[in-house]
Amino acid sequence: MSSQFQSFDDPAASNLGEANPSALRLAGLRRLLAQRGLAGFIIPRADEHQGEYVPPGEERLAWLTGFTGSAGTAVVLENEAAVVVDGRYVIQVHEQIDPAQFSPVALAETPPEAWLAEHLPANAKFAYDPWLHTDGQVKRLEKAIAKVGGSLVALDDNPIDAIWEDRPAAPEAPIRLHPLSVAGETTVSKLARLRTLLSEAHVDGLIISDPHNIAWLFNIRGNDVPHTPIALGYALVPTEGRPTLCFDAGRFEPVAFNAITEIADVAPSNTRNAREALETAITSLANGLDHARLRIDQDTGAYALQHLVATADADFDIGPDPLTDLKAVKNAREIEGARAAHRRDGAAVSRFLAWLAREAPKGQLTEIAVVEALEEFRRDTGLLMDISFTTIAGANENAALPHYRVTRSSNRPVLPGILLIDSGGQYIDGTTDITRTVAVGTPTAEMRDRFTRVLKGHIAVARAVFPEGTTGAQIDPFARQALWEAGLDFDHGTGHGVGSFLSVHEGPQRISKLGNVALKAGMILSNEPGYYREGHYGIRIENLLIVEPRTATDAERPIFGFETITLAPIDLTLISKSLLRPDEIAWLNAYHARVRDVLSPLVDETTRAWLVGATAPL
């Protein structure tokens, strides 16, 4: 077995001959900053589209610091530096960075701007790359630096790129058409809906900086970043007139090019890059209007876009990209595709779990072997396009890292205790994300207690019924109540949005303490409470949900609930039945009966026999 989609090498170490890459690279950056008269520089994890997954050449944070998480920020000053991370990565960052070079900082306690205000010398010049920060991020930096009388300097180039000698080139993967049979709506129809919203916002056009929104609007997919089928670039959609796709025309497959050019213009093949194409498109639109007003997305639009708009003698409007909300509500075809993808994926995961039940007791498995086996079962479907994110397979203490990524150096044997597997698949009809925690050998009483409390939270979210307008922040406590009662909690959100053959982490919807967006019918979210005992084990149970309308006798307002679409057994050996109420047991038994009925016809005889025991009623 081997992995086609996941590397087990350390992505931060591109020069293995260096004894301490972080020290040498940090020293090189500081020399360059000193030559320019700059006191410091900020390095976010994001690329110019604020993406979670970025191409190798945009992994500046990992290259400099060694930290490989999907979110984080480094702040480098002349004599000190920090890496700021959220609650998902507080353990991981300590394990990956060199403490002699960088101080790990918890985002919840000290955001990058607060750390900067405390440590930046008075009257200093601090630099940033305006293509890697949004308007809101820049304003927060300006406010922090003003407290010490300093100045914020926008650079024309990124100094990391000047010292990263073997930096990978920008991706140029082909761009293909996403079939209408699974997209469920034509681009013409989507454009009409978008333009209505742009008119209501009194803007003359939208600069689309989020590649996921471009992919959804134009029914195209690409392969520029790992695990998410997008093409990196921009688009400009005027309220009236033809849109412009800012990609090299030579990147489109012939069928996709013919379909797109019926409704939109595409940058000519000799265009140097997407930024140049966008600048040309903005200038062309502005020349035809008197003081054109263009919307820049507040969440993904780079601060540098304001300069492009102003240079074209147009005005910019910072606000939400309406496509983000439109994309979040799945149409009937996308919902049916999601269900089909989860049936297929559930069969593959169940085959894997049955295999794991046979092989783990032998004591010969490693975390890498688990990752490779699971991917192979998914590939056996014949329809796997990619995994939807880097598979997490953590044994015992590695399971306590919520976003652990196994490498050849961290690879542990699967020994008695806990094994946590968080994984997903990309299929043309849907994106999946599932976490199962399984016992290897006999679990301890503490493990069963914690697992059952996590399960109680999972069931509470799955069974929730709520009125129209309810936000994810209002649902989030359902997942935590049983843990809170024992003085326990977890430091990540309960759920994130999921795309339709797009990003496995999609907004704006989420179930978390910060989830302020109302949940709407057709949205897909994860339900993944957890518990992590640092240095010992971790637990998480994750299914995906679709928000659906519900009915109730004498209801005075619209109400909603969740349809669980993930199908795979939950480990019965980790459950303390005495902690479950009768209604919770009934939910689990009904879920397992559905898993057994739906998946049994889709799996082999050996797995089918295993399913009988794995889904037996409590």
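Just report the Cα centroid separation between the range 203-222 and the range 447-501, whole Å. The distance from the Cα centre of the range 203-222 to that of the range 447-501 comes to 32 Å.
Between Glu548 and Glu605, what FRET efficiency follows from the Cβ-Cβ distance if R0 is 51 Å, with the result rounded to 0.05? Could the numbers behind the result be given before it?
Values: r = 34 Å, r/R0 = 0.68.
About 0.90, to the nearest 0.05.
Residues whose amide H falls under 5 Å from that of Thr366, counting only those 5 or more places apart or on a different chain, are Val414, with hydrogens built in the peptide plane.
Kindly express, to the nearest 10 degrees and within the range 0 to 90, the angle between helix 445-462's C-alpha long axis and the longest C-alpha principal axis of the chain. Helix 445-462 and the main axis of the chain meet at about 60 degrees.
Could you check what % of the DSSP bridge pairs in the range 186-303 are antiparallel, to the nearest 5? Intermediate results must be reported in sequence, preceding the final value.
Details: 8 of 13 bridges.
Rounded to the nearest five, the antiparallel share is 60 percent.
Annotation: extensible slack from Ala590 through Val612 equals 6.6 nm (criterion: 0.36 nm per residue apart, minus Cα-Cα distance).
Backbone amide hydrogens, once placed in the peptide plane, bring Arg550 within less than 5 Å of Ile559, Phe560, Gly561, excluding anything fewer than 5 places away on its chain.
Averaged over residues, the count of other Cβ atoms within 10 Å places the peptides 509-519, 146-156 in the sequence 509-519, 146-156, highest first. Taking the C-alpha atoms only, the angle from helix 187-200 to the longest principal axis of the chain is near 60 degrees. In a simple Cβ point-charge model (Lys, Arg +1; Asp, Glu -1; nothing else charged), the range 315-376 has a dipole of about 620 debye relative to its Cα centre.
Note down the magnitude of the dipole of the chain about its Cα centre, charges +1 on Lys and Arg C-beta and -1 on Asp and Glu C-beta and zero elsewhere, to the nearest 20 debye.
Working: 57 positive and 80 negative charges, 294 e Å.
Charge dipole of the chain: 1420 debye, to the nearest 20.
Of interest is the spacing of the C-alpha centroids, which for the range 102-164 and the range 509-557 amounts to 34 Å.
For every helix of n ≥ 4 consecutive DSSP H residues, a contribution of -39,500 (n - 2.57) applies; sum these over the chain, divide by its total residues, and give [θ] at 222 nm rounded to the nearest 500 deg cm²/dmol. Write down the numbers at each step before the final one.
Values: 19 runs with 215 residues, N = 618.
Per the formula, -10500 deg cm²/dmol.
Counting only alpha carbon atoms, the long axis of helix 367-379 and the longest principal axis of the chain meet at about 90°. Across the range 411-486, Cα pairs under 8 Å and at least six residues apart give a relative contact order of 25 percent. Under unit Cβ charges (Lys, Arg +1; Asp, Glu -1), what dipole magnitude, rounded to 20 debye, does the range 345-487 have relative to its Cα centre? Using only the charged Cβ atoms, the result is roughly 420 debye.
Counting only protein heavy atoms and using a 1.4 Å probe, what share of the accessible area of the chain belongs to carbon plus sulfur, as a whole percent?
Values: 12470 of 24460 Å².
Exposed carbon and sulfur together represent 51 percent of the surface.
Based on Cα contacts under 8 Å between residues 6+ apart, the chain shows a relative contact order of 12 percent.
Provide the net charge surrounding Glu506, with neighbours chosen by a C-beta distance below 14 Å and charges set as Lys +1, Arg +1, Asp -1, Glu -1.
Working: positive: Lys327, Lys330, Arg510, Lys520; negative: Glu52, Asp210, Asp299, Asp321, Asp325, Glu334, Asp433.
Surrounding charge for Glu506 is -3.
Multiplying the residue separation of Ala173 and Leu488 by 0.36 nm and removing their Cα-Cα distance gives an extension gain of 108.8 nm.
Using the heavy atoms of the protein chains and a 1.4 angstrom probe, tell me the accessible area per residue for the chain in square angstrom. Before the final figure, lay out each step's value.
Values: 24460 Å² over 618 residues.
It amounts to 40 Å² per residue over the chain.
Positive end of the dipole of the chain (Cβ unit charges, origin at the Cα centre): among Met447, Ala173, Phe478, the Cα lying farthest that way belongs to Met447.
Could you pull out which residues in the range 35-57 have an amide N less than 20 Å from a spot 7 Å beyond the Cα of Val153, following the Cα-Cβ vector? Residues 35-44 qualify, since their backbone N sits under 20 Å from the label point. Applied to the range 386-401, the Karplus parametrisation 6.51 cos²θ - 1.76 cosθ + 1.60 on θ = phi - 60° returns per-residue 3J(HN,Hα) values of 5, 7, 8, 5, 5, 4, 9, 10, x, 9, 6, 5, 5, 5, 6, 9 Hz, with x for Gly and Pro. Of the GluC sites (Glu not before Pro) found in the range 98-148, the ones in coil according to DSSP and having at most 13 other Cβ atoms within 10 Å of their Cβ are Glu109. Taking the charge dipole of the chain about its Cα centre, with +1 at Lys and Arg Cβ atoms and -1 at Asp and Glu Cβ atoms, the residue from Gln306, Ala231, Leu33 reaching farthest to the positive side is Ala231. Note: relative contact order over the range 346-462, using C-alpha pairs below 8 Å and six or more positions apart, is 24 percent. When the charge dipole of the chain is built from unit charges on Cβ atoms (+1 for Lys and Arg, -1 for Asp and Glu) and taken about the Cα centre, the candidate among Pro320, Pro104, Ala348 whose Cα reaches farthest toward its positive end is Ala348.
Looking only at the chain, where both bridge partners belong to it, what percent of the DSSP beta bridges are antiparallel (to the nearest 5)? Please list the in-between numbers first.
Details: 58 of 79 bridges.
If we restrict to bridges inside the chain, about 75 percent are antiparallel.
Sorting the segments 554-560, 56-62, 593-599, 495-501 by their residues' average number of neighbouring beta-carbon atoms within 10 angstrom, most packed first, yields 495-501, 56-62, 593-599, 554-560.
The values are calculated or read from the model by the stated rules, or taken from the named source; none is laboratory data. For clarity, every value in this text was computed on a predicted model and none was experimentally measured. When we count neighbours, we look across all protein chains shown, and the Cβ atoms used for this are built from the backbone with ideal geometry, even at glycine. Calculation scope for accessible area: heavy atoms of the full protein, side chains included, ligands and nucleic acids excluded. Shrake-Rupley method; radii C 1.70, N 1.55, O 1.52, S 1.80 Å.
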